[in-house]
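The structure under discussion appears below in the form of structure tokens.
The values are calculated or read from the model by the stated rules, or taken from the named source; none is laboratory data. Being a predicted model, the structure only gives us computed values, none of them experimental. FYI the Cβ positions are ideal-geometry reconstructions off the backbone, even for glycines, and counts take in every protein chain you see. In case anyone asks, the SASA skips ligands and DNA or RNA and just uses the protein heavy atoms, side chains included. Shrake-Rupley method; radii C 1.70, N 1.55, O 1.52, S 1.80 Å.
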Amino acid sequence: MGKAILLDGATGTMLWKMAGNNIPVWRYNIENPEIVYNMHKEYINAGSQIIFSNTFSANRDALKRYDRSVNDVVSEGVRIAKEAVKGTNTKVFLDVGPLTVLLEPYGDLEEDEALEIYEEQIGAGMKMHPDGIQLETFMDVELMKIAVRVAKKYDVPVFSTMTFEAVGKTLMGNSVETIVEELTELGVDGMGLNCSLGPKAAIPVIKRFLENTDKPVIFKPNAGLPTSPNNEPTEADALIFANDVYEAVKMGVGYVGGCCGSNPTYIKKLKELIEKG
């Protein structure tokens, strides 16, 4: 059993808690960069070996109602992350998410437009020279393939994670086997699951990835529901999460972290388990 590389935890839920308001999280890059920097530092101090920039939804579609450019928001997001990792061995990956409109024929988004949106967002981030690109929380492998084609134009690792339903397929009906086949052909450097499910419910999906690909498998599940009466995550919740995620490490998963609801305590607990071996 190898040692898994430790990713960071949630960005959105973490920033909302730190800021005390629930605005689109990309806005913090411009309006409150200090809390974005502090969030990254907390994950780095907890043990994260790779952190993701606060750029998940910073695309043309999301910013069209605001007087902000994609270039400014995305480049600032990567800059803040790179500033946070100075003096450490932690790497920065440009974080890119799905779009809010479905591709044709299920929605109104044409492939050429999706390609332009990702060329703009990824191009803006890559000007700041991150160490890699993380494409995450996609539910449609066809949209993921468009983003991957853009990302693979750059000479950095490209990771791809999808979000799954409890039945083991994405909301668009994509199976693990289909995803592995399609993304392997495009040359992604790692693939797996993020968001959607808690670690225990997601283990069967991760097992199927491990059975169907020789690429590194990535596991970044949601934290699950807090057990405290006031709905706040506790040390006990973090330990339960870490133990459940560590089961995937023992199975051979190469990269692990947390998604919605997780925080640096969750990452620290996971680090302790990984170090114990």
Across the stretch 47-54, in residue order, what do the Karplus-derived ³J(HN,Hα) couplings come to in whole Hz, using 6.51 cos²θ - 1.76 cosθ + 1.60 with θ = phi - 60° and x for Gly and Pro? x, 4, 8, 9, 10, 9, 5, 7
Expressed in angstrom, Rg and Dmax over the Cα atoms of the stretch 1-115 are 15.6, 50
For residue 129, solvent-accessible area (1.4 Å; no DNA, RNA or ligand), Å²: 130
Would you be so kind as to identify which of 54, 241, 99 lies farthest towards the positive end of the dipole of the chain, taking Lys and Arg as +1 and Asp and Glu as -1 on Cβ and the Cα centre as origin? 241
Assigned charges on the beta-carbon of Lys, Arg, Asp, Glu; the chain dipole about Cα centre (debye): 1040
With a 1.4 Å probe and all protein chains left in place, how much of the accessible area of the chain comes from carbon and sulfur atoms, in whole percent? 49
The stretch 66-131: projected area of the alpha-carbon convex hull, averaged over directions, in nm²: 5.3
Reachable lysines from residue 153, Cα under 23 Å, same-chain residues fewer than 8 places away excluded? 82, 91, 127, 145, 215
Where the eigenvalues come from the Cα gyration tensor of the chain, what are the semi-axes √(5λ) of the equivalent ellipsoid, largest first, in whole Å? 26, 23, 18
Quick check on the chain: helices-only [θ] at 222 nm, where DSSP H runs of length 4 and up contribute -39,500 (n - 2.57) each and the sum goes over total residues. Nearest 500, please. -14000 deg cm²/dmol
Here the stretch 15-24 yields Karplus 3J(HN,Hα) values (6.51, -1.76, 1.60; θ = phi - 60°; whole Hz; Gly and Pro given as x) of 5, 4, 5, 5, 7, x, 8, 10, 9, x
Qualifying lysines (Cα of each under 19 Å from Cα of residue 276; at least 8 residues distant if same chain): 3, 250, 268
Would you tell me the accessible area of residue 272, worked out with a 1.4 angstrom probe on the heavy atoms of the protein chains, in Å² to the nearest 10? 80
By accessible area (1.4 Å), largest first, 16, 26 order as 16, 26
Quote the Stokes-Einstein diffusion coefficient, in whole µm² s⁻¹, for the stretch 167-277, based on the Kirkwood radius over alpha carbon pairs, a temperature of 20 °C and a viscosity of 1.002 mPa s. 149
1.4 Å probe accessible area per residue over the chain, in Å²: 44
Along principal axes, largest first, the alpha-carbon spread of the stretch 103-163 in whole Å comes out as 35, 23, 14
Highest GNM mean-square fluctuation among 21, 212, 59, for the chain with Cα springs under 10 Å, belongs to 21
Per the Kirkwood definition applied to all pairs of different Cα atoms, how many angstroms is the hydrodynamic radius of the stretch 163-209? 10.9
